[in-house]
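Visitor: Please find one structure pasted underneath; my questions will follow.
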Amino acid sequence: DGTTLDDLIMRDTNEVSLRVMTDEELYSHEMERIFAKTWLLLGHESEIPKSGDFIVRDMAEDNVIIARDRDGNVNVSLNVCPHRGMRVCLGEAGNKPIHQCIYHGWAFKPNGDFIGAPVEREKMHGNNVDKATLGLKKARVHLYGGLIFATWNIEGPSFDEYLGDIKYYMDQLFCRTDNGLELLGPPQRFVLPCNWKVPGEQSGSDGFHTLTLHRSLMEGGVMGGTAESIYDQAPGMYGVDVSCEQGHSLRCLEAEKTFKMFADVPFEGKSVEERLNLLTPPGITKEMIPQLFRNLSADQVEQLATIPPQVGGMFPNILIAFIFAPRTDGGSSGALALHTYVPRGPNQVEFVNFIFAEKDAPEQMKRDMLQNSIQQTGTSGTIEQDDADVWPVIMRNARGGVSKHMTLKYQALHGHERPEGWKGGGLLYPGFTKDDTQWNWWMAYHKLMSEV
Ligand code: FES
């Protein structure tokens with residue numbers, strides 16, 4: 001209708017039109033310019049340990065088969081038969097050495113290569129066509145701490161380039177132990193009636209909403225550690241938000257200011273190792289602490305011990321939640337969860353909740369972490385259900401004849417400011433109740449949507 005991207009995302013006034021949440025044409029462009037181009041999270045390699053193991057997931061609206069081949073490689077192939085467009089794999093997970101389409105029987109290897117068709121002697125796959133051209137379309141795959149990422153942008157930025165400066169901080173969560181993370185069971189999934197960008201922009205480290213929407217965490221005694229802590233203390237901002245031009249971000253918060261269980265722990269004057277022993281970041285036992293020093297730089301370990309990254313997101317549709325939670329023997333077993341917000345048309349999103357523990361953690365700790373994650377960020381959890389109440393209401397407003405012309409305000413901008421002595425790179429914003437990181441999310445969105 002003549003509306004341009006700059007009419008919807010107003011870079012001069014830091015506003016976004018509510019129409020972005022419902023516009024069908026915009027959604028169609030997002031499928032091609034964002035979801036067909038960026039790296040997307042699909043799962044974890046611990047889900048497919050053996051040759052032939054597969055899972056079926058979605059890269060936005062594109063359904064894919066993620067399968068381990070005989071060489072042990074993880075492959076991601078479009079689950080669309082090149083013959084007539086049927087889904088080749090109709091299951092959700094399993095083990096198959098061959099994937100055969102039910103429509104006319106074309107068969108494919110776990111890596112997507114075409115094997116053959118029934119009545120092949122009669123050349124039912126074509127007289128003149130090289131078999132090598134008849135395979136499933138293959139995505140480019142990267143494993144990061146065992147997490148399976150894929151992109152259709154074969155010649156585009158590498159995964160490290162996609163992460164940019166945030167990698168230094170992400171490594172502290174995903175690449176810190178010898179044997180990495182393990183997914184605890186299949187992901188939980190549910191569909192919400194809202195556009196993917198409603199939760200997507202919140203995953204750009206919206207710390208502000210925690211004070212109000214998740215107030216029950218403070219009232220229930222989980223969060224809110226000291227006098228300067230976050231409950232009713234919005235002006236006393238603490239912590240540091242880290243971000244980058246790719247739109248990713250993480251909220252780094254001192255544990256003793258955030259969680260009651262650490263409020264009286266004597267961290268003052270302690271060495272990095274002593275702090276780690278008192279803190280035990282989520283999922284790390286005292287015995288595992290030497291692994292942190294082996295896998296991370298001294299500066300990264302120091303950050304993990306003092307002001308660890310906890311919550312944030314990867315553009316476009318991943319939320320990261322590494323949350324401390326009390327353990328009966330002291331310390332924190334915590335919760336490690338990743339959510340993806342998978343578009344299901346302009347008006348729906350599938351919320352996929354991946355729950356992790358470190359592979360080397362004791363079984364009891366894994367059980368605790370599964371329970372903590374389900375209780376906090378699960379489909380019936382105490383945190384995410386707050387959000388699930390809000391997002392669909394925003395969507396209803398985005399459809400109103402008058403209200404859809406409202407604009408979302410991202411004008412609480414602090415500006416990039418490097419705290420003294422800060423070791424990591426990226427864009428840094430002291431405090432956590434601002435719009436900077438979420439505005440960076442929108443700028444990453446604008447950049448990709450502007451590229452043809
Ligand atoms: Fe798959 Fe025909 S559509 S074999």
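Visitor: Place a label point 7 angstrom from the Cα of residue 90 along the Cα-to-Cβ direction, then list the residues of the range 38-56 whose backbone nitrogen is under 17 Å away.
Guide: Hits in the range 38-56 for residue 90 at 17 Å: 56.
Visitor: Same structure again: Report, to the nearest whole %, how much of the accessible area of the chain belongs to carbon and sulfur atoms, 1.4 Å probe, protein only.
Guide: On the way: 9500 of 18900 Å².
Carbon and sulfur atoms account for 50 percent of the accessible area of the chain.
Visitor: Taking only the alpha carbons of the range 48-92, what extent do you get along each of the three principal axes, in Å, biggest first?
Guide: 29, 22, 15
Visitor: Please go through the range 263-367 and write out the GluC sites (Glu not before Pro) that DSSP classes as loop and that have at most 14 other C-beta atoms within 10 Å.
Guide: 268
Visitor: Please list, in order along the range 183-200, the HN-Hα scalar couplings obtained from phi with the Karplus expression 6.51 cos²θ - 1.76 cosθ + 1.60 (θ = phi - 60°), rounded to whole Hz, x for Gly and Pro.
Guide: 7, 8, x, x, x, 7, 9, 8, 9, 10, x, 8, 5, 4, 6, 5, x, x
Visitor: Using a 1.4 angstrom probe, figure out how much accessible area the chain has per residue, in square angstrom, rounded to the nearest whole. Let's see the in-between values first.
Guide: Working: 18900 Å² over 452 residues.
Averaged over the residues of the chain, the accessible area is 42 Å².
Visitor: 7 Å from Cα along Cα→Cβ at both residue 390 and residue 24: what's the point-to-point distance in nm?
Guide: Going from the residue 390 label point to the residue 24 one covers 3.0 nm.
Visitor: Could I get the Rg over Rh figure for the range 108-199? Both from C-alpha atoms, Rh via Kirkwood, rounded to two places. Intermediate results must be reported in sequence, preceding the final value.
Guide: Working: Rg = 19.9 Å, Rh = 17.6 Å.
Looking at the range 108-199, the ratio lands at 1.13.
Visitor: For the range 25-127, run through the GluC sites (Glu not before Pro) and keep only the ones in DSSP coil with at most 15 other Cβ atoms within 10 Å of their Cβ. Please list the in-between numbers first.
Guide: Details: sites: 25, 30, 32, 45, 47, 61, 92, 120, 122; in loops: 61, 92.
Those satisfying the criteria are 61, 92.
Visitor: Using a 7 Å offset from the Cα along the Cα-to-Cβ direction at both residue 451 and residue 179, what is the distance between the two label points in nm, to one decimal?
Guide: Spacing of the two 7 Å Cα→Cβ label points: 3.9 nm.
Visitor: Exactly which trypsin sites (Lys or Arg not before Pro) in the range 37-82 are in a DSSP loop and have at most 10 other Cβ atoms within 10 Å? Each step should come with its number before you reach the end.
Guide: Numbers: sites: 37, 50, 57, 68, 70; in loops: 37, 50, 70.
The qualifying sites are 50.
Visitor: When the dipole is taken about the Cα centre of the chain, and only Lys, Arg (+1) and Asp, Glu (-1) are charged at their Cβ, what size is it in debye, to the nearest 20? Each step should come with its number before you reach the end.
Guide: Values: 43 positive and 61 negative charges, 263 e Å.
My answer is approximately 1260 debye.
Visitor: Sticking with this one: Based on the Cα coordinates of the range 33-74, what is the per residue volume of their convex hull in Å³? Display every interim value, and only then the final one.
Guide: On the way: hull volume 2.8 nm³, N = 42.
Convex hull volume per residue, Cα atoms: 66 Å³.
Visitor: Also, I was wondering about something else. Roughly speaking, what % of Cα-Cα pairs in the range 40-152 are separated by over 19 Å, rounded to a whole number?
Guide: Here the tail beyond 19 Å accounts for 41 percent of pairs.
Visitor: Sticking with this structure for a sec: Please compute the volume of the convex hull spanned by the alpha-carbon atoms of the range 1-101 and report it per residue in Å³. Before the final figure, lay out the partial values.
Guide: Numbers: hull volume 14.5 nm³, N = 101.
Enclosed volume per residue, from the Cα hull, is 143 Å³.
Visitor: Non-local amide H neighbours of residue 148 (under 5 Å, H modeled in plane, Pro and chain starts lacking H): which ones?
Guide: Residues meeting the amide H criterion: 42, 43, 44, 45.
Visitor: Please label the shape of the chain as rounded, prolate or oblate, based on the square roots a ≥ b ≥ c of the eigenvalues of the alpha-carbon gyration tensor (a/c under 1.5 means rounded; beyond that, a/b larger than b/c means prolate, else oblate).
Guide: The shape class here is oblate.
Visitor: Can you compute the FRET efficiency between residue 268 and residue 297 using 1/(1 + (r/R0)^6), with r the Cβ-Cβ distance and R0 = 25 Å? Round to the nearest 0.05.
Guide: Numbers: r = 25 Å, r/R0 = 0.98.
Using R0 = 25 Å, I get an efficiency of 0.50.
Visitor: Okay, next question. Within the range 20-55, name every residue whose backbone N is under 15 Å away from a label modeled 7 Å from Cα of residue 397 along the Cβ vector.
Guide: Residues 20-22 fall inside that zone.
The values are calculated or read from the model by the stated rules, or taken from the named source; none is laboratory data. Keep in mind it's a predicted model, so treat the numbers as computed, not measured. Cβ atoms come from the backbone with ideal geometry, glycine included; neighbour counts cover every protein chain shown. Note: areas computed on protein heavy atoms with side chains; ligands, DNA, RNA excluded. Shrake-Rupley method; radii C 1.70, N 1.55, O 1.52, S 1.80 Å.
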